[in-house]
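Novice: Here it is: the structure, laid out below.
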Amino acid sequence: MEAILKKVKIQTGVVKRISKERTSYEQEIITLAKQVEDMKSCGKDEHDIKKRIECLDESRMMIPDCTKRLANAIDVLRGLVRDNKEIEGEEIMVIAKSLLEEITA
């Protein structure tokens, strides 16, 4: 039972971390896009604008990767919760269920 609880705790942390990572990239994309627009409207150096666009593109490329990793992590956590009903009252299981509901809502 302790091993299962440890797995659930670790997997819950993985889901939280990847979710935060994806949210961070999404926020970064918004910020960088605004910076690019501001730089263009102010007539900033073309090289600086190009470098900022490269950063923006890199951030955009990370979203599908994060989304895929998050989906996999959610599936693993969902399986752990589903397959271990006998310990569903444990605090970490309640946290895991709550996280799954929050993320998939």
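Novice: Mind listing whichever residues of the range 1-58 are acidic (D, E) and either closer than 22 Å to A73 by Cβ or assigned to a helix (DSSP H, G or I) (or both)?
Specialist: E2, E21, E26, E28, E37, D38, E46, D48, E54, D57, E58, listed by residue number.
Novice: For the subset of the range 58-90 comprising residues that are within 15 Å of the chain's Cα centre (by Cα) and of a type in the set (G, A, S), which member is farthest from K9 (Cα to Cα)?
Specialist: Ranking the candidates gives S59 first.
Novice: Output the residues belonging to the range 11-38 that are without any contact (Cβ under 8 Å) to a residue 24 or more places away in the chain and either closer than 14 Å to V94 by Cα or not hydrophobic (A, V, I, L, M, F, W, C) (or both).
Specialist: Those that are without any contact (Cβ under 8 Å) to a residue 24 or more places away in the chain and either closer than 14 Å to V94 by Cα or not hydrophobic (A, V, I, L, M, F, W, C) (or both): G13, R17, K20, T23, S24, Q27, T31, K34, Q35, E37, D38.
Novice: Exactly one condition in (1) at pLDDT below 95; (2) small (G, A, S); (3) more than 26 Å from I95 (Cα to Cα) is false for A3; which is it?
Specialist: (3)
Novice: So, one more: Out of the range 59-105, which residues are over 19 Å from K20 (Cβ atoms) and outside any helix (DSSP H, G or I)?
Specialist: Answer for the range 59-105, where residues must be over 19 Å from K20 (Cβ atoms) and outside any helix (DSSP H, G or I): N84, E88, G89, E90.
Novice: Return yes when M93 is over 13 Å from the mean Cα position of the chain (by Cα) and surrounded by 11 or more Cβ atoms within 10 Å (Cβ to Cβ) and no when it is not.
Specialist: Yes: the conditions hold for M93.
Novice: Quick one: C55 ticks every box in (1) free of Cβ contacts under 8 Å to residues at least 24 places away in the same chain; (2) closer than 30 Å to I10 by Cβ; (3) surrounded by 11 or more Cβ atoms within 10 Å (Cβ to Cβ) except a single one, so which number is it?
Specialist: (2)
Novice: Let me ask something else about it. With the requirement that a residue be closer than 12 Å to M62 by Cα and either crowded, with 16+ Cβ neighbours inside 10 Å or not polar (S, T, N, Q) (or both), what does the range 1-41 give you?
Specialist: Correct list: I18, E21, R22, Y25, E26, E28, I29.
The values are calculated or read from the model by the stated rules, or taken from the named source; none is laboratory data. Please read all numbers here as calculations on a predicted model, not as lab measurements. Heads up, the Cβs are rebuilt from the backbone with ideal geometry, glycines too, and the neighbour counts pull from every protein chain shown.
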